[in-house]
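What follows is a short report on a single structure.
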Amino acid sequence: MIFLAIATNRTEMKDDVYKIVADHDLAGFWDFDIPNIKWTASLSFKKMLGYDESEHPLPDSWEKLVFDDDWDMVRRHINQSIEKGGAKPFNITPRFWHRNGSVRWINCKGNVVEHDAENRPTRLVGINVDVTRHVLAEQELTNNKDLLNKTNLSIKLGGWEIDIENNTLAWTQVTKQLYGADIDYTPTVSVMYNMYKPGRCQTLMHEAFSNIVETGESFDVETIMVSQHGKEVWVRIIAHAEFEDRQCSKIYGTLQDISEQVAVRHNLKNSEERFESAFENSPTGMALVSPEGKWLKVNGTLANSLGYTPEEFSELTFQEITHPEDLDADLELLEKLVKDDIPKYEMEKRYFHKNGNIVWALLSVSIVRDSDGNPLHFVSHVYDITEKKLQHRRIQETLDIVGDQNNRLLNFAYIVSHNLRTHSGNFQSLIELVNDPNTSNEEKQEYLQLLESVSNQLNETILNLNDVVSIQANRHLQKTPVNLYEYVQKTIETLTPDIIRYDVTIENNVAPDANIYFHPAYLESILLNFLTNAIKYRSADRKPLIQVNLTNCQHKDYLTITDNGIGIDMSKHGNDLFGMYKTFHGNADARGIGLFITKNQIEAMGGKIEVESAVNLGTTFKISLPKS
């Protein structure tokens with residue numbers, strides 16, 4: 001192994017050139033005493049690697065300075081030079097480590113210059129020059145050339161140049177490859193002028209070359225080149241001219257294979273034509289919608305479904321013809337689509353037809369973005385499901401009616417069976433007692449009075465059942481417009497004696513011109529029943545207050561009757577509230593038939609009834625009223 005020993009005093013250099021070079025740090029020098037294995041380095045050499053004479057001395061071995069991968073090469077060349085005794089100088093460019101950790105390329109030249117009496121080498125001297133900038137520049141140039149060749153090859157871009165004066169043509173390697181020629185192929189000007197598909201393409205290129213020679217006007221054309229092997233290739237040729245003394249002296253430019261781009265354009269055109277055909281002829285409504293909601297393009301199916309012409313659509317947004325109850329859900333999904341949280345979405349929604357009708361649709365929306373990912377437009381498929389929705393609603397209504405009828409039938413059968421069996425049993429027991437020989441005349445008289453009472457109860461039961469049957473049989477009684485305010489007032493007047501007796505306040509908050517569609521007799525019965533019950537079940541702790549209101553919510557009218565009476569324990573009686581013969585307060589005169597009849601009357605008119613109640617706070621009955 002060779003070690004570098006640093007001399008304490010710099011060796012005097014008597015050569016003027018050496019002095020100038022050393023003083024200006026143009027190169028570094030070293031001297032190796034071979035027998036004593038002692039190296040001496042100039043200050044310029046030390047500075048080259050970031051060292052000096054005192055504070056930062058050079059390491060004691062070149063092995064510590066040279067890049068690991070280059071050390072074997074350095075040692076081999078120095079040893080060979082010593083072994084050859086000066087017959088073979090060395091010239092190498094290894095990598096050295098600078099003191100700051102960077103890499104320096106150093107050109108090292110050296111040779112044996114002195115021998116002893118036996119002709120053995122005793123002195124090896126050399127010079128080192130920092131060539132880092134030169135090496136890096138060469139590497140960058142090489143890399144750029146490689147990158148340019150790779151880039152041109154990857155995009156199939158070749159270059160060419162025609163020397164008009166000498167009638168010669170030069171092609172780059174890529175141009176030769178595009179033509180299908182070998183790398184050593186020498187093209188002629190005639191080839192450049194005529195290597196195009198006969199007919200329109202060849203004529204186009206002849207005209208382009210003639211024009212550029214005459215006028216100097218550059219050209220950029222797409223045409224079909226026929227390669228050396230007869231293969232047709234779509235190419236883009238760009239040409240520029242140079243003139244000397246008003247004569248064209250040179251034409252140069254690029255030739256690029258654009259077969260893939262042409263195929264993509266062709267496929268895109270076919271795809272657009274297919275999309276246009278599918279769009280216009282689709283049995284499903286289709287539309288292109290801007291990110292702001294404007295209708296950009298609609299097909300005939302959608303126009304027919306919603307009743308607007310394409311021109312009318314162009315003045316609208318989808319928000320304007322979407323049902324308000326569906327708009328928020330639609331916009332929420334649209335926002336997720338724009339943010340790329342979802343690839344597409346589907347939902348059922350309602351549109352407003354031009355004539356004002358509701359159109360139910362199954363909406364499917366996807367998004368088209370530009371190359372930067374920004375939304376261009378939405379593609380909407382709008383499938384009209386209005387008839388399907390109507391059919392489903394009719395089926396559901398039928399099922400609800402059948403279910404309701406079955407429930408009423410079961411309830412009715414239970415009532416008939418239970419109540420008539422009870423009365424029948426009472427009759428049988430009393431008759432047996434009357435006919436018993438051991439029964440006295442006084443007892444018989446008492447039993448006959450009981451029979452009369454049972455008979456009256458049976459008659460009342462039959463009348464109640466008849467009322468129920470009558471309501472069910474008349475579910476399609478004609479509804480007519482009635483003034484609700486007047487009917488509430490008429491009921492209040494009917495109850496005037498009780499209102500005065502119990503100091504009741506009834507507030508008729510219905511508008512005087514409020515009309516509803518209802519059967520008049522049923523309306524009278526319903527109002528009378530609710531107001532009578534509100535008075536009957538008043539609280540003894542406060543002045544009775546009853547409020548009658550008519551409100552509208554979500555396009556539906558609601559009649560509410562609220563009192564501050566004793567209330568109903570809904571946890572106990574909620575399920576039985578409208579049952580027949582169900583009572584909840586223990587009143588002696590309670591029959592449990594009123595609310596049952598009232599509920600049937602409301603449902604017979606197409607309405608529904610709900611109740612909210614709390615013990616000792618009061619009760620509110622809410623009736624949804626049928627439309628015309």
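In the range 43-71, which residues are among the hydroxyl-bearing types (S, T, Y), open to solvent by less than 30 Å² (accessible area, probe 1.4 Å) and free of Cβ contacts under 8 Å to residues at least 60 places away in the same chain? Matches in the range 43-71: S44 only.
How about the range 110-138: which of its residues are open to solvent by 60 Å² or more (accessible area, probe 1.4 Å) and either touching a helix residue (DSSP H, G or I) at 6+ places or on another chain (Cβ under 9 Å) or not in a strand (DSSP E or B) (or both)? Break it down stepwise before answering.
Let us first name the residues in the range 110-138 that are open to solvent by 60 Å² or more (accessible area, probe 1.4 Å), namely 113-115, 117-120, 123, 130, 133-134, 136, 138.
Listed by number, the residues that qualify are A117, E118, N119, R120, D130, R133, H134, L136, E138.
Within the range 536-571, which residues are of a type in the set (A, V, I, L, M) and either open to solvent by 40 Å² or more (accessible area, probe 1.4 Å) or at pLDDT below 90 (or both)?
Quick first cut of the range 536-571, residues of a type in the set (A, V, I, L, M) only: 540, 545-546, 548, 550, 559, 561, 566, 568, 570.
Listed by number, the residues that qualify are A540, L545, L550, I566, I568, M570.
The number of residues in the range 72-102 that are loosely packed, with under 15 Cβ neighbours inside 10 Å, touching a Pro at 6+ places or on another chain (Cβ under 9 Å) and either polar (S, T, N, Q) or free of Cβ contacts under 8 Å to residues at least 12 places away in the same chain (or both) comes to 1. The range 166-253 holds strands (runs of 3 or more DSSP E) entirely within its bounds, and those carrying 1 or more residues that are touching a residue at least 40 places away in the same chain (Cβ under 8 Å) and surrounded by fewer than 19 Cβ atoms within 10 Å (Cβ to Cβ) map to 219-226. Filter the range 311-349 for residues that are surrounded by 13 or more Cβ atoms within 10 Å (Cβ to Cβ), more than 17 Å from F378 (Cβ to Cβ) and either over 19 Å from the mean Cα position of the chain (by Cα) or touching a residue at least 60 places away in the same chain (Cβ under 8 Å) (or both) and give the result. E312, H323 - these are the residues of the range 311-349 that are surrounded by 13 or more Cβ atoms within 10 Å (Cβ to Cβ), more than 17 Å from F378 (Cβ to Cβ) and either over 19 Å from the mean Cα position of the chain (by Cα) or touching a residue at least 60 places away in the same chain (Cβ under 8 Å) (or both). Screening the range 522-535 for residues that are in contact with a Leu (Cβ under 9 Å, 6 or more places away or on another chain) and of a type in the set (S, T, N, Q) and picking the one that is surrounded by the fewest Cβ atoms within 10 Å (Cβ to Cβ) gives T532.
The values are calculated or read from the model by the stated rules, or taken from the named source; none is laboratory data. Being a predicted model, the structure only gives us computed values, none of them experimental. Heads up, the Cβs are rebuilt from the backbone with ideal geometry, glycines too, and the neighbour counts pull from every protein chain shown. Only protein heavy atoms, including side chains, enter the accessible area calculation; ligands, DNA and RNA are left aside. Shrake-Rupley method; radii C 1.70, N 1.55, O 1.52, S 1.80 Å.
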